[in-house]
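Just below is one structure, and these are the notes that go with it.
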Amino acid sequence: MILENIKYGRIRHLTLLDPEKNGPDNTEKVIDFIDRAGSDAIMVGGSTGTGTKSVDELVVAIKGLTKKPVILFPSSPEAFSPRADGIFYLSLLNSNDLKYVMGYQVQSSRLLKSTRMEVISVAYLVFEPGMTVGKVGGARLIKRDDVSTALDYATAAELIGFQAIYLEAGSGAPQSIDPKVVKAVCEDMTIPVIVGGGIRDPITARKMLDSGAAAVVTGTIAESDPEILGRIVSAIKS
Ligand code: 1GP
């Protein structure tokens with residue numbers, strides 16, 4: 001159970017792979033980095049251009065190389081593969097575009113229910129700078145140190161009944177979310193909080209865990225610097 005594993009500290013680091021940047025050709029190399037680094041799970045998704053074919057091909061390639069759980073992280077219902085172990089069923093709560101809040105969820109609900117994969121409802125909150133997901137997702141970006149607005153959204157998410165909260169600065173962000181926002185949200189929540197975007201070094205990753213995050217996501221670093229990926233994962237698990 002992916003959610004249980006996140007809740008109870010068995011999945012603390014997740015690596016995001018974007019099918020746009022990771023064709024089947026270099027999957028073997030990237031999975032080798034991820035395995036050696038000790039990352040616990042692999043997310044597959046990206047903000048643009050992730051159609052069923054490229055997502056499915058990447059999921060198949062990953063499943064052939066590792067037993068780590070593969071979790072879909074979709075930007076639209078097309079970014080789907082029935083072969084994944086689970087899906088973050090995201091609702092971008094601070095979007096101006098209803099399709100990211102509930103439209104895509106409605107569109108994909110019956111298909112998802114018919115699969116055997118674990119569907120985890122996730123309140124997705126996008127902070128400054130937001131990067132591509134902020135733009136594509138029409139987000140009213142939350143300031144990276146705005147504790148009060150973050151708590152408003154996170155509390156709403158918990159009361160509505162989401163199973164997890166994902167605090168996102170955007171893939172490739174030059175700076176992560178302020179750990180004090182993570183701390184305030186985590187102190188107040190009973191559901192697990194996942195943090196991602198702009199986490200590039202072991203100290204920042206560790207700070208997120210010390211602030212109460214259940215798990216940390218890194219994407220960009222797996223593609224560019226596998227050595228740092230290993231140090232990030234070690235810092236998280238130390
Ligand atoms: C995506 O936040 C993650 O949700 C990944 O971000 O690519 O900046 O590590 P990075």
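Key figures for this structure:
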item: Residue list for the range 192-216, filter: more than 13 Å from the ligand (Cβ to nearest atom) and either open to solvent by less than 30 Å² (accessible area, probe 1.4 Å) or in a helix (DSSP H, G or I) (or both); result: PRO192, VAL193, PRO202, ILE203, ARG206, LYS207, LEU209, ASP210, SER211, ALA214
item: Tally of residues being part of a helix (DSSP H, G or I), of a type in the set (S, T, N, Q) and open to solvent by 30 Å² or more (accessible area, probe 1.4 Å) across the range 84-124; result: 3
item: Qualifying residues in the range 125-135 (those that are of a type in the set (A, V, I, L, M) and within 11 Å of the ligand (Cβ to nearest atom)) - the one surrounded by the fewest Cβ atoms within 10 Å (Cβ to Cβ); result: MET131
item: Residue list for the range 141-184, restricted to those being in contact (Cβ under 8 Å) with a residue 24 or more places away in the chain, more than 19 Å from the chain's Cα centre (by Cα) and surrounded by fewer than 16 Cβ atoms within 10 Å (Cβ to Cβ); result: ASP145, THR155, ALA156, ILE160, LYS180
item: Residues of the range 217-235 satisfying the condition of being in contact (Cβ under 8 Å) with a residue 40 or more places away in the chain, polar (S, T, N, Q), open to solvent by 10 Å² or more (accessible area, probe 1.4 Å) and near the ligand (Cβ under 10 Å from one of its atoms); result: THR220
item: Selection count where residues are farther than 18 Å from PHE73 by Cβ and among the hydrophobic types (A, V, I, L, M, F, W, C), scope the range 193-207; result: 2
item: Count of residues meeting criterion [at negative phi, in contact with a strand residue (DSSP E or B) (Cβ under 9 Å, 6 or more places away or on another chain) and in a loop (DSSP other than H, G, I, E, B)] in the range 146-184; result: 9
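The values are calculated or read from the model by the stated rules, or taken from the named source; none is laboratory data. Please read all numbers here as calculations on a predicted model, not as lab measurements. Because the Cβ atoms are built from the backbone with ideal geometry, glycine has one as well, and the counts that use them run over all protein chains shown. We work out accessible area using only protein heavy atoms, side chains counted, and drop any ligands, DNA or RNA first. Shrake-Rupley method; radii C 1.70, N 1.55, O 1.52, S 1.80 Å.
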